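Here is the structure we will look at.
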């Protein structure tokens, strides 16, 4: 399984992984078929960017018989994170800037990938687009950080209708890869925060973006969870979007920029996914008890008392308006708080996110995916319409500061 050196590489397909020996072989075969079927005349390479997996992901990848050359990269032992994998890929792209024309990245756990995905992703890049994001049907219980935080905030603050900003599958130009390397990287960017880092910088950097229809995403889906992914994605998102606040602060809340759509127009039914509502409620209660002091400190009395009553009654009705205002209040607090406070502020959002997820699951579990998609779009529109509420938090803070300055003179 000796690796070969590929000179003059034009097309790169990267597969980031950690402990994916059971699935990476299938993805690799589909990628090779796509390259040979549609881009046989391009000098291509398939790269596995791994986190030194101890399940022999490397052997599973290199052991697949392909016509396309394969390369295996890994982070040092003990260094993990998808962002670190992607940095290795970006550096490889930068080292081959003179010849590379397009780069595709696919999740290693995909079960629905087909050779046509390679064509759908590469064609727009060859036509001059810099970033191609996926549009695929996903169960409403899948991708909850996307549905309830990343998508609506992008829509509300930046006027960008990018449905899967952290979908995990995308294509990009070499110049965008070089741009990403030049940006500020947080520790969370080197982990799960990488996808939202890429999308935000592509949007705010003014790069040409489109979407591509891919059918359904079938993978190792999961119900809402509060592991490192939530903290890393949201921290990266908040830090990145607030660092460029002057670029979007004046964008009207209802402004919307549609992205050109390539690939499949009619999406397939999503994969089935079941959730344990009782388990979600138990985790929600545990998170609330742990974070109650933070919530009381960072939320308005109205929002805090509402979530408190939900916990007491074990009945959750975190409606769209309440959720929108809660997210904006946490975002505002993150922006105006000290660096030491920032992690606590993100943690305070967790029980609210669970409450919104449980509420949404109750609303949509018996309905078709297209109805759930309508509600997700309406939620995004609510974030756009409530943008003045977000601005008002800064105005209120300025007024309170002004009042404090005036108090001494009144006493005298």
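Listed values, structure above:
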item: Conditions (1) in contact with a helix residue (DSSP H, G or I) (Cβ under 6 Å, 6 or more places away or on another chain); (2) buried (at least 17 other Cβ atoms within 10 Å of the Cβ); (3) assigned to a loop (DSSP other than H, G, I, E, B): number failed by residue 97; result: (2)
item: Region 117-149, residues that are touching a strand residue (DSSP E or B) at 6+ places or on another chain (Cβ under 7 Å) and either part of a helix (DSSP H, G or I) or not assigned by TED's automatic domain parsing to the domain that holds residue 165 (or both); result: 117, 118, 120, 121, 122, 123, 124, 125, 126
item: Residue in region 49-62 that is closer than 30 Å to residue 264 by Cβ and in contact (Cβ under 8 Å) with a residue 60 or more places away in the chain present; result: no
item: Any hit, region 300-318, residues being touching a helix residue (DSSP H, G or I) at 6+ places or on another chain (Cβ under 8 Å), modelled with pLDDT of 90 or more and within 28 Å of residue 81 (Cα to Cα); result: no
item: Residue within region 63-79 that is in the same structural domain as residue 104 (by TED's automatic domain parsing), touching a residue at least 60 places away in the same chain (Cβ under 8 Å), in a helix (DSSP H, G or I) and closer than 25 Å to residue 116 by Cα present; result: no
item: Single residue of 245, 281, 293 found to be modelled with pLDDT of 85 or more and either closer than 20 Å to residue 151 by Cβ or touching a strand residue (DSSP E or B) at 6+ places or on another chain (Cβ under 6 Å) (or both); result: 245
item: Tally of residues being buried (at least 21 other Cβ atoms within 10 Å of the Cβ) and farther than 23 Å from residue 395 by Cα across region 330-347; result: 0
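Yes/no matrix, rows are residues, columns are (1) assigned to a loop (DSSP other than H, G, I, E, B); (2) touching a residue at least 40 places away in the same chain (Cβ under 8 Å); (3) closer than 23 Å to residue 381 by Cα:
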| position | (1), (2), (3) |
| --- | --- |
| 309 | no, no, no |
| 316 | yes, yes, yes |
| 322 | no, no, yes |
| 329 | no, yes, yes |
| 332 | no, yes, yes |
| 352 | no, yes, yes |
| 361 | no, yes, yes |
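The values are calculated or read from the model by the stated rules, or taken from the named source; none is laboratory data. This is a predicted model, so every value here is computed, not measured. All Cβ positions, glycine included, derive from the backbone under ideal geometry; neighbour counts span all protein chains shown.
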